[in-house]
């Protein structure tokens with residue numbers, strides 16, 4: 001594995017580990033009544049925007065043409081506004097268990113969209129890897145909600161499930177459609193504009209909740225959780241995601257989504273809120289097996305190079321002995 005690919009894998013792993021840590025911390029804030037999901041989302045967007053702008057002052061300025069500014073607006077809508085907005089409102093209408101199950105669809109969307117827009121092959125290893133990862137994630141999620149703590153319904157489960165599904169489709173669209181575009185500019189330049197656009201779009205929906213929040217009631221643990229969610233699980237994670245997006249295929253990058261329930265499960269074990277058993281061990285093995293299978297599958301460029309090597313002098317292509325062309 002070359003250094004660029006390794007940096008992509010480490011970056012996606014780091015981003016999803018922090019997103020996995022965010023889930024139990026955010027749940028603690030919500031259960032304690034410190035913040036609402038909408039206020040926390042706005043804090044994430046505003047905090048990350050400020051941090052990216054501060055960092056940008058210490059690097060060489062980059063000129064972004066108006067055409068690319070419009071593309072960054074589209075990226076912001078897909079990766080932040082629609083993704084986070086649809087998910088927050090969706091979770092409020094359906095059960096947490098249903099929402100968690102639906103989030104496992106993101107790598108599948110990434111594979112389908114990459115096949116349509118980037119002509120990435122849908123290989124046997126990819127399908128098997130996604131199925132393996134999804135099975136492991138579902139085992140963890142359903143096992144954690146078996147006790148009934150996460151099985152409470154919502155006001156409109158059907159609409160909530162659709163919104164959560166749209167959130168996954170939105171983010172998958174971002175990592176596929178903007179894979180080539182993010183290589184044009186530095187990570188900081190891309191993120192500072194994306195979060196600026198996101199803040200402008202979300203503020204009209206959240207300013208009333210921000211004004212109504214009792215900030216004086218926040219404890220030190222609440223403040224520490226918010227700081228990690230803003231600086232780590234938003235600023236740091238989105239920065240790392242762009243590294244992974246630049247160096248990895250969309251389907252491979254999307255597979256790291258399955259790391260989140262593993263991290264959340266480990267935190268629950270450490271806090272004494274859950275126990276480890278054979279089923280959970282099998283779930284973790286399935287998830288990492290799935291990541292390996294998708295990573296090991298052939299990309300379009302690799303398959304084209306393989307065909308070129310097997311081509312005869314007259315331009316025809318020899319078939320492999322097994323008759324299979326997938327990876």
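Taken together, the values in this text are just the output of simple stated rules run on the coordinates, not laboratory data. Quick caveat: nothing in here was measured; it's all calculated off a predicted structure. Heads up, the Cβs are rebuilt from the backbone with ideal geometry, glycines too, and the neighbour counts pull from every protein chain shown.
Working from the alpha-carbon coordinates of region 172-271, get Rg over Rh, Rh being the Kirkwood radius.
Computed over Cα atoms, the ratio is 1.04.
Sort 212-219, 71-78 by the packing proxy (mean of other Cβ within 10 Å over each peptide's residues), most packed first.
71-78, 212-219
Calculate, in nm to one decimal, what residue 269 and residue 292 gain on full extension: separation in residues at 0.36 nm each, minus their alpha carbon distance.
5.8 nm
Rounded if a/c is under 1.5, else prolate if a/b is larger than b/c, else oblate: which is region 1-131, with a ≥ b ≥ c the root eigenvalues of its Cα gyration tensor?
Because a/c hits 1.5 or more and a/b fails to exceed b/c, region 1-131 counts as oblate.
Sorting check: for 106-113, 27-34, which peptide has the highest mean count of neighbouring beta carbons within 10 Å, and how do the rest follow?
Answer by packing, highest mean first, reads 106-113, 27-34.
Would you mind putting 168-180, 52-64, 222-234 in packing order, based on average other-beta-carbon counts within 10 Å, highest first?
Ranking the peptides 168-180, 52-64, 222-234 by packing returns 168-180, 222-234, 52-64.
Would you mind pulling out the separation of the Cα centroids of region 174-226 and region 1-41, in Å?
Cα centroid of region 174-226 versus Cα centroid of region 1-41: 13 Å apart.
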